[in-house]
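First comes the structure, then the notes that go with it.
The values are calculated or read from the model by the stated rules, or taken from the named source; none is laboratory data. No experiment lies behind these values; they were computed from the predicted model shown. Every residue, glycine among them, receives a Cβ derived from its backbone with ideal geometry; neighbour counts consider all protein chains shown. The protein model used for the area step is the full one, side chains on, heavy atoms only, and it has no ligands, DNA or RNA in it. Shrake-Rupley method; radii C 1.70, N 1.55, O 1.52, S 1.80 Å.
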Amino acid sequence: MRPLVRLPGAAPLLLLSSLAVLGLLVVLPLAVVFQQAFSKGVAAYLAPLADPDALAAIRLTLLVAAIAVPLNAVFGLAAAWTIARFEFKGRTLLLTLIDLPFSISPVVSGLVWVLLFGAQGLFGALLQAWGVKIIFATTGLVLATILVTLPFVARELIPLMQDQGADEEAAALTLGAGGAAVFTRVTLPKVKWALLYGVLLCNARAMGEFGAVSVVSGHIRGLTTTLPLHIEVLYNDYDFVGAFAAATLLASLGLITLVVKTALEWRFADELAAFRRR
Amino acid sequence: MKSAAIARWREPSVLPGFPLALGLTLAYLGAIVVVPLAVLALKPWSLGIAGVWSALTEPRVLAALRLSFTTAALAALVDAPLGLMIGWTLTRYEFPGRRLLDALVDLPFALPTAVAGIALTALYAPNGPLGALAAKVGIKTAYSPLGVFIALLFVGLPFVVRAIQPVLEDLDQEVEEAARTLGASDLQRVWRVVLPALAPALVSGVGLAFARAVGEYGSVIFIAGNMPMRTEIAPLLIVIKLEEFDYAGAAAVGLAMVVIAFGALVAINALQARLAGHGRT
């Protein structure tokens, strides 16, 4: 189908300009992460990664994502089942609420938890009396991460399931399958790649989230610093090699996510919401 | 047709699980989104109306809000032609490496913001390769509003490209062919046929880039330098106020950001609807 409009002589110019913009604005920052991390040699790169605080940060990042992502995946399935399979009043409002976390600042997504559970927050005194710590503790990090990444799975599943319709589920029911069997044997296989796609993006954001967790973390080294916060701590200490070494881990996570995402888009375009209509 | 099929099956007795799924969805949304945001909406008023007003008209707060919203708007607007060019190149030309280039567009989505922040700073700091180059011609990039702008440009670019790409791909060949047979030149066809069809998607892409840029934190704070009144963004001011245990002041700034951003999005949606209406007639 291409090219339709030829714009004589413009093709090489546009291609070169696009390459220049993407190279300068997008690829160069990625390259500089690795260049800076290895600027003092491989040994200097590996040392900060073996540091106990770095290892604690990696563990905490994995733990937070391991709690937040499955919860948001279950929520995404429940929300998609509700919205894409039933007609009821208030569906649009529900959709707006699900989208909301995408349009508020990550810092605000952290702030709200401080307003609720911080020392001078709504439940601050109560929590103190009970001896429960949420802010400046893992629970706060998990809550902030859940809020920021809430829409990813639901946003991928809802349009796809609306598009697919409920005919097959209905057929399975009339053939005598139970509700649980319909969900696990009919619905889940139909949406499995979209679910994986949503979980992939949700996980990447959960592990890389900075603003929201920064507000609730308190930056206690080895205890409440996730990997992105660990980068900030090292950077502010002028330990640039250490900061960029930690950054290579997150950059690699981003690259792997991008590769898997692109592979899913090429291979299963028909089973992903965003590409179905193309 | 599909909606009719769903309508037929909407009775809870036929497709099971409605009460359970709805209950789960509402409980989760309530706990994670509704209650926390309600607290954000209510907390500032503990200062009283006059207190909120004086908290928001503090010169440092005004400067931060102005910086956040103007640089976000500028970056989103500059992303428009850049995104348009990249989207056009990716959909209209076939060249080796096209799919790789296409995948690279998503890099700003995939790169965690703190990583992007320190990387951009390393590039644009006075001793960084690009920063030194700019310094030679007397332009200060990092630790100036221009640094904030560069970070927001980076963050917003994929929104514009991804918004217009599907429209460019679907654009009816015949319309362009018709314009050609009627004697329209190449430039005329782009200007009079392609751009009007793209306009609603372009506006929504710019709107998304703007919304993301206003609240952006991680990729900005490293490159900004964070000088009060000059390069301090609004989200950073929230963090500073929280560190001073000024919860109500922090909530006031947060609420102001949400309200202004919401107003801007409503305006953008209205513009988009108008442009879409024009395209159809």
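Remarks
- Coarse-grained scattering of segment A:214-272 at q = 0.13 Å⁻¹, given as base-10 log I(q)/I(0) from a Debye sum over alpha-carbon atoms: -0.49
- Our summary of shape: the Cα atoms of segment A:1-158 have principal axis extents of 72, 58, 26 Å, ordered from largest down, in whole angstrom.
- Of all accessible heavy-atom area on chain A, the percent that carbon and sulfur account for (1.4 Å): 68 percent
- Among B:TRP88, B:TRP53, B:TRP191: highest mean-square fluctuation, GNM of chain B, C-alpha pairs under 10 Å: B:TRP191
- Listed by chain and number, the lysines whose C-alpha is less than 24 Å from the C-alpha of A:LYS133, apart from same-chain residues fewer than 8 away, are B:LYS43, B:LYS241.
- Computed with a 1.4 angstrom probe on protein heavy atoms, the B-A interface buries about 8500 square angstrom of accessible area in total.
- Å² per residue, accessible surface of chain B at 1.4 Å: 44 Å²
- Here the peptides A:112-118, A:64-70 are ranked by packing, the mean other Cβ count within 10 Å, and the order with the highest first is A:112-118, A:64-70.
- Leading residue at positive end of dipole, the protein assembly as shown (Cβ point charges), from A:PHE34, A:ALA20, A:ILE220: A:ALA20
- Residues whose placed amide H lies under 5 Å from that of B:GLU232, excluding near-sequence neighbours: B:MET227
- Cβ neighbours within 10 Å from other chains - mean over A:70-80: 3
- The distance between label points at A:LEU62 and A:LEU49 comes to 1.4 nm (points 7 Å beyond Cα on the Cα→Cβ vector).
- Computed over segment A:85-232, the quotient of the alpha carbon radius of gyration and 2.2 N^0.38 Å is 1.33.
- DSSP-assigned coil residues among GluC sites (Glu not before Pro) in segment B:219-248, each with at most 15 further Cβ atoms within 10 Å: B:GLU244
- What the Cα atoms of the protein assembly as shown give is an Rg and a Dmax of 24.3, 80 Å.
- Accessible area of segment B:58-280 belonging to carbon and sulfur atoms, whole % at 1.4 Å probe: 67 percent
- Packing here is the average count of other Cβ atoms within 10 Å per residue, and on that basis the peptides A:85-93, B:234-242, A:178-186, B:209-217, highest first, run B:209-217, B:234-242, A:178-186, A:85-93.
- For segment A:57-111, alpha-carbon Rg relative to the globular expectation (2.2 N^0.38 Å, N residues): 1.44
- Whichever lysines have a C-alpha closer than 29 Å to that of A:LYS192, once near sequence neighbours (fewer than 8 apart) are set aside: A:LYS89, A:LYS261, B:LYS2
- The Cα center of segment A:116-181 and the Cα center of segment B:48-97 differ in position by 30 Å.
- Under 28 Å of direct C-alpha separation, and excluding same-chain neighbours fewer than eight residues apart, B:LYS136 reaches these lysines: A:LYS40.
- By the equivalent-ellipsoid construction on the alpha carbon gyration tensor, segment B:118-180 comes out with semi-axes of 39, 13, 9 Å, ordered largest to smallest.
- Shielding of B:133-142 by partner chains, average beta-carbon count, 10 Å: 0
- log10 of Debye I(q)/I(0), alpha-carbon scatterers only, for chain A at 0.10, 0.15 Å⁻¹: -0.70, -1.18
- Extent of segment B:130-249 along its three principal axes (Cα atoms, max minus min coordinate, largest first): 67, 42, 18 Å.
- Exercise: per-residue mean of other protein chain Cβ atoms within 10 Å, A:112-119: 6
- Equivalent-ellipsoid semi-axes of segment B:58-280, from the Cα gyration tensor, Å, largest first: 36, 22, 14
- Selection from A:LEU60, A:TRP130, A:ALA80, by position along the positive dipole direction of chain A (Cβ): A:ALA80
- Per-peptide average of other Cβ atoms within 10 Å, ordering A:31-41, B:246-256 highest first: B:246-256, A:31-41
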